[in-house]
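The values are calculated or read from the model by the stated rules, or taken from the named source; none is laboratory data. Not measured: the values here are computed from a predicted model. Please note: Cβ atoms are built from the backbone with ideal geometry, for glycine as well, and neighbour counts cover all protein chains shown. Keep in mind that these areas ignore ligands, DNA and RNA; they rest on the heavy atoms of the full protein, side chains included. Shrake-Rupley method; radii C 1.70, N 1.55, O 1.52, S 1.80 Å.
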Amino acid sequence: MIIRELERGRSILARLDFSAEIVESITSLAEKTDIKVGTFSAIGALQQAELGYYEQDSHQYKVMEVDGPVELVSCTGNISIRDGKPFVHPHASLANSDGNLRGGHLHSGTIFAAELYIQELKGEPFIRIHDPITDLYLWS
Ligand code: ZN
């Protein structure tokens, strides 16, 4: 187990741009504001998305296309460092017009509207390195 106590830094609210890609938008904001560690949440609506499900046996993401429009019911995740740059790890729950949910790792999504909250955390950054057991890039 890796445990570190961090201090709260800046709290940032942002309205993301129509038709922008949501993961790139969060990553770009983290780079511009120099956030190395943090958590975030977002709500809004997406025009379409790609969700991922990590297959633990094959160590590959199964990619699921979500043809929108969908509500971004919940998007939550964290920011840490991978390859020397801010790396965003987002998960999302998306609802269709019947209110049915699909969820998973959020690979990408085209924004219809999105309101983002980032909480910066100050302290020793979490660096992602390849983990041979899971084949994922995990905190070290
Ligand atoms: Zn994930």
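So which of Ser80, Ser140, Ser74, Ser28 is without any contact (Cβ under 8 Å) to a residue 12 or more places away in the chain, within 26 Å of Arg10 (Cβ to Cβ) and small (Gly, Ala, Ser)?
Checking each option against the conditions leaves just Ser28.
Among the residues of region 83-94, which ones are free of Cβ contacts under 8 Å to residues at least 24 places away in the same chain, within 16 Å of the ligand (Cβ to nearest atom) and either open to solvent by 50 Å² or more (accessible area, probe 1.4 Å) or under 19 Å from Leu136 (Cα atoms) (or both)?
Residues satisfying the conditions are His89, His91.
Please indicate, with yes or no, whether at least one residue in region 16-25 is under 17 Å from the mean Cα position of the chain (by Cα), within 16 Å of the ligand (Cβ to nearest atom) and among the hydrophobic types (A, V, I, L, M, F, W, C).
yes
Take the residues in region 31-64 that are of a type in the set (A, V, I, L, M, F, W, C) and open to solvent by 60 Å² or more (accessible area, probe 1.4 Å), then tell me which one is nearest to Gly104 (Cα to Cα).
Out of the qualifying residues, it is Val63.
Report, by residue number, each residue of region 100-110 that is in contact with a strand residue (DSSP E or B) (Cβ under 6 Å, 6 or more places away or on another chain) and more than 16 Å from the ligand (Cβ to nearest atom).
Scanning region 100-110 gives Leu101, Thr110.
For region 10-21, give me each residue that is hydrophobic (A, V, I, L, M, F, W, C) and not in a strand (DSSP E or B).
Matches in region 10-21: Phe18, Ala20.
Taking the stated definitions as given, is Glu5 more than 13 Å from the ligand (Cβ to nearest atom), under 26 Å from Asp131 (Cβ atoms), assigned to a loop (DSSP other than H, G, I, E, B) and open to solvent by 30 Å² or more (accessible area, probe 1.4 Å)?
For Glu5, the condition - more than 13 Å from the ligand (Cβ to nearest atom), under 26 Å from Asp131 (Cβ atoms), assigned to a loop (DSSP other than H, G, I, E, B) and open to solvent by 30 Å² or more (accessible area, probe 1.4 Å) - is met.
Can you tell which of Ser97, Ser80, Ser28, Ser74 is open to solvent by 30 Å² or more (accessible area, probe 1.4 Å) and within 16 Å of the ligand (Cβ to nearest atom)?
That would be Ser74, the only listed residue that is open to solvent by 30 Å² or more (accessible area, probe 1.4 Å) and within 16 Å of the ligand (Cβ to nearest atom).
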